1. Could you tell me whether Phe128 is closer than 22 Å to Pro9 by Cα, open to solvent by 20 Å² or more (accessible area, probe 1.4 Å) and modelled with pLDDT of 95 or more?
2. Which ranges mark the helices (runs of 4 or more DSSP H) fully within segment 54-120 that have 3 or more residues being of a type in the set (Val, Ile, Thr) and under 9 Å from the mean Cα position of the chain (by Cα)?
3. State whether the residues of segment 11-32 include one that is under 22 Å from Leu95 (Cα atoms), part of a loop (DSSP other than H, G, I, E, B) and not β-branched (Val, Ile, Thr).
4. Taking the conditions exactly as written (of a type in the set (Asp, Glu), surrounded by 14 or more Cβ atoms within 10 Å (Cβ to Cβ), without any contact (Cβ under 8 Å) to a residue 40 or more places away in the chain and under 26 Å from Leu61 (Cβ atoms)), does Asp88 satisfy them or not?
5. Taking Val60, is it touching a helix residue (DSSP H, G or I) at 6+ places or on another chain (Cβ under 6 Å), open to solvent by less than 60 Å² (accessible area, probe 1.4 Å) and in contact (Cβ under 8 Å) with a residue 60 or more places away in the chain?
6. Whether any residue in segment 95-116 is more than 21 Å from Trp38 (Cβ to Cβ) and at pLDDT below 90 is what I want to check.
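The values are calculated or read from the model by the stated rules, or taken from the named source; none is laboratory data. Since this is a predicted model, take the numbers as computed values, not measurements. As a convention, Cβ positions derive from the backbone with ideal geometry for all residues, glycine included, and neighbour counts pool all protein chains shown. Ligands, DNA and RNA are stripped out before the accessible areas are found, and what is left, the full protein with its side chains, is counted by its heavy atoms. Shrake-Rupley method; radii C 1.70, N 1.55, O 1.52, S 1.80 Å.
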Amino acid sequence: YSTDLTVDPRTYDHIKGTGTSPHRLGSVWAAMLWEVTWALIDSYGFDEDFIDGNGGNNIVLQLVTEALKLQPCNPGFVDGRDAILAADQALYDGLHHCLIWNAFAKRGLGFSADQGSSFIRTDGTEAFDLPTGIPNMCPPLIPTMSQWMLFILGLLMVTMSVVYIGKKAELSKV
């Protein structure tokens with residue numbers, strides 16, 4: 001996999017040539033997720049802590065996992081894209097919409113892409129466009145006020161927990 005289209009040229013239209021192979025179909029979806037993954041890693045870095053990390057790799061894992069819960073049964077590619085965007089809205093107040101839209105649009109799953117039936121591979125239409133208001137180049141990510149408040153609340157809770165545990169340990173020595 002590569003984000004360079006000259007190395008890995010797969011776009012949404014490539015599903016039309018995958019025949020009945022679920023693996024070839026999945027490789028097109030994986031190429032799209034690779035775009036999203038690297039867009040987030042480029043913005044947030046890579047965090048080796050897969051459990052408590054906050055790098056782009058951690059964010060995409062959270063988004064894709066949450067999206068699996070939000071998408072309909074028998075989803076198509078557009079359903080999957082929309083579920084990832086919905087997960088971003090639910091988990092991050094839509095902070096990464098620009099990056100996600102640009103990554104999918106680069107691979108032909110832009111705003112006006114049509115999946116047709118999720119049971120038929122040849123009736124979809126690729127598109128490389130973005131929704132109105134989403135720029136081609138995403139601005140630097142600046143957290144919203146609600147995201148800052150959640151961050152500060154989280155720090156406060158951790159601090160209070162540490163203080164409580166410390167006081168409890170002191171009392172148990174008495």
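1. On the way: closer than 22 Å to Pro9 by Cα: yes; open to solvent by 20 Å² or more (accessible area, probe 1.4 Å): yes; modelled with pLDDT of 95 or more: yes.
Spelling it out, Phe128 is indeed closer than 22 Å to Pro9 by Cα, open to solvent by 20 Å² or more (accessible area, probe 1.4 Å) and modelled with pLDDT of 95 or more.
2. Working: elements: 56-70, 77-92, 97-106.
Passing ranges, in order: 56-70.
3. no
4. Working: of a type in the set (Asp, Glu): yes; surrounded by 14 or more Cβ atoms within 10 Å (Cβ to Cβ): yes; without any contact (Cβ under 8 Å) to a residue 40 or more places away in the chain: yes; under 26 Å from Leu61 (Cβ atoms): yes.
So Asp88 fits the description; yes.
5. Details: touching a helix residue (DSSP H, G or I) at 6+ places or on another chain (Cβ under 6 Å): yes; open to solvent by less than 60 Å² (accessible area, probe 1.4 Å): yes; in contact (Cβ under 8 Å) with a residue 60 or more places away in the chain: no.
No: the conditions fail for Val60.
6. So far as segment 95-116 goes, yes, one or more of its residues are more than 21 Å from Trp38 (Cβ to Cβ) and at pLDDT below 90.
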